[in-house]
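Before any comments, here is the structure.
The values are calculated or read from the model by the stated rules, or taken from the named source; none is laboratory data. Computed from a predicted model, the values in this text were never measured in an experiment. Every residue, glycine as well, gets a Cβ built from its backbone with ideal geometry; the counts of neighbours run over all protein chains shown. The area values use the complete protein model at the heavy-atom level, side chains included, leaving out ligands, DNA and RNA. Shrake-Rupley method; radii C 1.70, N 1.55, O 1.52, S 1.80 Å.
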Amino acid sequence: MVASEPEDDVQKNSPPPMENNDDNAPSKRFYRQQVWTTMKALFPQGSASSNYVNRKIPLFPAAEQTAERLADTPEFKQATNIKVNIDMAQEAVKLQVLKANKTLFVAPSQKSDYLYAKIKLPSSVEEVPLVQQRRIVKMLAGEDTYEELGIDQTEPLDMVVVGCVAVSERGQRIGKGNGYVDLEIAILVQLGVITPKTVIATTVADEQVFSELQADLFQPYDFTVDLIVTPTRVIRVEPRPEPRAIGVQWGLLSSRRLDVVRVLKKLKERLESEGKHIELKDEDTDVESFRKRRTRGSGSAGGQQQDRRRQSNRRRRSTRNSAAGEGGKSGNEQDGGNGGGLDGGNESGEGGGPRMRRKRRYSRKPRRYSRRDSGDYGSPDGGRTGGEEGGDGQQHQRQRPHPGGKGGRLRPNNKAGAANGTNGQPAAQQKQQRPPRQPKPQLQDSVRIRVSNMFSVPFKDFKDELRTRDCYPAKISQSRNGRCLLIFPKRDDLEEQAQADELLQKLADMRISVPQKNSAEPKQVKLKCELQLKSKDFGENDATSIASAANRAARKANDAGQKLGVAGAAPPAVADGAEQQDGAAGGEPANVSELLQEVLAATQLAARAAKAAKTVVEKVLQESLAEADREPSSSDDPDRSKKLLAQMDEVTKAGAEAHAAGLKAEAAVAAVAPPAATPDADGADGADGAETALPTKEQVPAMVSATQEVARAAAAVAYALATLFELVPPPPTRSSVAVAPVSTVVRLFRSLLPASAISSSSSTTTATATTTDTNTTATVSS
């Protein structure tokens, strides 16, 4: 019954083995939920494309390849007029229709009474950019790019491409569940636009195709498809089911549905003018494609229901407060034990008045005081028992108003029920505290595009432009300086640079029309889009930045080692001003793998910092050789060359120590054994799904020691270079390496430098200050 080409070995979905007449037989909702769950797993976590899966015709990753396969079929090549639905999964089909120079029909604009719209290209398709083509097929490029046709301007269709949530190899189709596509096909059949020669096709993923669906799931108005195209095969339903589609069933529609699909009103008026009697159903049971939101306003039905619910809660609360205040003379209760609400008397207790007593906000109960040396001291009611007023022999709890004074709700004293739990209830029955909200996972591997010149651009128009250009970022981060950041998840099937180039090409020459205050013509604002480079751990030519990165790596590795409780993780020698975290308070930490990963990452960072420090030393030595060979002039210090050569020896020694420490860190990283590859279902090694190699707890002390050695060596390199640059006039503006002054280096890395360097720096600072004071005194006396 089904012709399939080519015959690929594709696993076919099949319904569970249930009887059709059983109460547990799968429904359409079962198949929809199954497909939506499966399709969402095809996209990487955090991908914006996964938003077009749930409660929609699901978008699938191979939609473009499927559209190309549809364009290669004989049915597509022989068709001239092709109508494509508005779903995202079929957007690539629209572009293939334009590419083949065929006439494309799409859905009309929203809330219009037209039947469909015909797309008109301003020029040949080769001259229209792809971004503009996407705008045209979405009817966003201007009114001159499409023409809406009513029921009196129909043109027959050769092919109709629809979307599906699930489809069987017999042509049975399951949609979103709103019935709009079935109604659209029925209207086209009623008007004769769909003829027996029209091919109804669909493009779906292989996971959406089932071998067969139960016949009792479908109604007479559910149409079937003739051609099913997936990324791997083409399925032709043969023989074609009869009837394939029927006209509009007016008895199943309500008057509200005619207001939603306005072309139905035109069709109904036309048929009634021809003498046909049409009756609509009285009860409105149509399903809409949106959920009604709960509104807070009092003008809508939802607001009125909420007001009634709020008033009911107030009455219930008032009754509860009155019951809780019995015996304590709350403002609501009656005096004296009679049940009358009108004979309670006035507020002073003197009886008889017919006026209803005013409700008090809080319970009015005199406070009883007791002597400090009495046995009743400290009790909630000051020694008063139930036999005194309540009559039940139990101790009353003193009521106190809710803090803030916003209502008459009372609550008992928590001290009275401290033994049994809050409010006198057992601790097991208390409401558990809500756990803290977990932060959303950050996109580590992502491509970031920075957009500027957005001062006057409405954000809604900007997002519409992104959708038009087929750009769907996972997150948009706005700033106050007319900029925003578009964050796209990293694609597995494409290199990062290639993905960035593709996104920049889509966003090229982005212009948005912005209304002006003093002019009726809108202003075209051009947005600038550029790739944001990833932030580096340190500057490769900045010795101070390299030393800071090494110090940061040593601190992280040591803190993680302390939390793991391994031997050798002593309090780290961190720089001044750096915060040191506390270790784990005994016991095995819960996040062992995260701590091991942190130690490994810190050791890798330390190895890179040591390598960069060695490279910086080599650059400085090459640039300083010419300065050391220069003959001192009469105004130069005669010992300057000797000091310069001696300091160059110190720089060379510091660079050698950094190199040795880097080799030790690299050896600690190389000692981490890769995890064993686990075979997959086919028996092959799962190299792609292998976990990241993690060090063992026995390897952590060596890594911590290596990172601390790198931190000390990098700080020594920064100090040696800073001292060398003080001897080289002018200050190193012409040098390719940057470093902070000696005083700054000592202040930042005091605990990492030897004592001789700190004392030398202090003596130099004192001598400089003394010389300055002497010069100042001489100037004043003269």
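Summary table below
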item	result
Any hit, the stretch 222-240, residues being more than 30 Å from Val97 (Cα to Cα) and open to solvent by 20 Å² or more (accessible area, probe 1.4 Å)	no
From the options Thr73, Thr145, Thr66, residue that is of a type in the set (Ser, Thr, Tyr), under 30 Å from Ser211 (Cβ atoms), in the same structural domain as Asp226 (by the TED database) and touching a helix residue (DSSP H, G or I) at 6+ places or on another chain (Cβ under 8 Å)	Thr66
Residues of the stretch 197-209 classified as in a strand (DSSP E or B) and either surrounded by 15 or more Cβ atoms within 10 Å (Cβ to Cβ) or without any contact (Cβ under 8 Å) to a residue 24 or more places away in the chain (or both), total	7
Subset of the stretch 517-533 (residues that are of a type outside the set (Ser, Thr, Tyr), farther than 17 Å from Arg135 by Cβ and loosely packed, with under 11 Cβ neighbours inside 10 Å)	Lys517, Asn518, Ala520, Glu521, Leu533
The stretch 466-478, residues that are in a strand (DSSP E or B) and surrounded by 14 or more Cβ atoms within 10 Å (Cβ to Cβ)	Lys475, Ile476
Close pairs from the stretch 510-535: first of a type in the set (Ser, Thr, Tyr), partner open to solvent by 50 Å² or more (accessible area, probe 1.4 Å) and not in a strand (DSSP E or B), Cβ under 6 Å, at least 6 apart	Ser513/Pro522
Subset tally (residues that are assigned to a loop (DSSP other than H, G, I, E, B), within 22 Å of Lys176 (Cα to Cα) and of a type in the set (S, T, N, Q)) for the stretch 210-241	4
In the stretch 133-150, the residues that are open to solvent by 40 Å² or more (accessible area, probe 1.4 Å) and assigned to a loop (DSSP other than H, G, I, E, B)	Lys138, Leu140
Selection from the stretch 212-253 of residues that are among the aliphatic types (A, V, I, L, M) and closer than 19 Å to Leu191 by Cβ	Ala245, Ile246, Val248, Leu252, Leu253
Residue selected from the stretch 66-103 under the condition of a type in the set (A, V, I, L, M) and within 19 Å of Val263 (Cβ to Cβ), by the criterion surrounded by the most Cβ atoms within 10 Å (Cβ to Cβ)	Val84
Test: Gly192 is within 19 Å of Leu59 (Cβ to Cβ) and in a loop (DSSP other than H, G, I, E, B)	no
Selected residue (only one of Ala658, Ala665 is farther than 20 Å from Gln597 by Cβ, at pLDDT 85 or above, in contact with a helix residue (DSSP H, G or I) (Cβ under 6 Å, 6 or more places away or on another chain) and open to solvent by less than 50 Å² (accessible area, probe 1.4 Å))	Ala658
Residue selected from the stretch 479-508 under the condition over 24 Å from Pro44 (Cα atoms) and open to solvent by 90 Å² or more (accessible area, probe 1.4 Å), by the criterion farthest from the chain's Cα centre (by Cα)	Asn481
Every residue from the stretch 725-744 that is modelled with pLDDT of 85 or more, part of a helix (DSSP H, G or I) and over 43 Å from the mean Cα position of the chain (by Cα)	Val742, Ser743
Pair list, Cβ < 8 Å and 6+ apart or interchain, from the stretch 49-76 residues that are over 21 Å from Ile200 (Cβ atoms) to residues that are open to solvent by 50 Å² or more (accessible area, probe 1.4 Å)	Ser49/Pro61; Ser50/Lys40; Val53/Lys40; Asn54/Lys40; Arg55/Lys176; Pro61/Leu42
So Asp259, is it without any contact (Cβ under 8 Å) to a residue 40 or more places away in the chain and open to solvent by 70 Å² or more (accessible area, probe 1.4 Å)	yes
Test: Ser634 is of a type in the set (Ser, Thr, Tyr), at pLDDT below 90 and either open to solvent by 60 Å² or more (accessible area, probe 1.4 Å) or not in a loop (DSSP other than H, G, I, E, B) (or both)	yes
Matching entry among Arg257, Arg244 (being charged (D, E, K, R), farther than 22 Å from His277 by Cα and either outside the structural domain of Leu70 (by the TED database) or in a loop (DSSP other than H, G, I, E, B) (or both))	Arg244
Where a residue in the stretch 605-627 is in a helix (DSSP H, G or I) and open to solvent by 70 Å² or more (accessible area, probe 1.4 Å) and its partner, wherever it lies, is among the basic types (Lys, Arg) and modelled with pLDDT under 90, with Cβ under 9 Å and at least six apart	Glu623/Arg734
Residue in the stretch 562-569 that is modelled with pLDDT of 75 or more, part of a loop (DSSP other than H, G, I, E, B) and either out of contact with any strand residue (DSSP E or B) (no Cβ under 7 Å at 6 or more places or on another chain) or open to solvent by less than 60 Å² (accessible area, probe 1.4 Å) (or both) present	yes
Matching option when the condition is under 34 Å from the mean Cα position of the chain (by Cα), over 26 Å from Val97 (Cα atoms), modelled with pLDDT of 80 or more and open to solvent by 40 Å² or more (accessible area, probe 1.4 Å), among Lys40, Lys56	Lys40
Residue within the stretch 199-214 that is over 30 Å from Ala41 (Cβ atoms) and not basic (Lys, Arg) present	yes
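Quick grid of which residues meet (1) over 36 Å from the mean Cα position of the chain (by Cα); (2) closer than 20 Å to Glu91 by Cβ; (3) modelled with pLDDT under 95:
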{"residue": "Ala107", "(1), (2), (3)": "no, yes, yes"}
{"residue": "Ser112", "(1), (2), (3)": "no, no, yes"}
{"residue": "Ser123", "(1), (2), (3)": "yes, no, yes"}
{"residue": "Val131", "(1), (2), (3)": "no, yes, yes"}
{"residue": "Val137", "(1), (2), (3)": "no, yes, yes"}
{"residue": "Thr145", "(1), (2), (3)": "no, yes, yes"}
{"residue": "Ile151", "(1), (2), (3)": "yes, no, yes"}
{"residue": "Val161", "(1), (2), (3)": "no, yes, no"}
{"residue": "Lys176", "(1), (2), (3)": "no, yes, yes"}
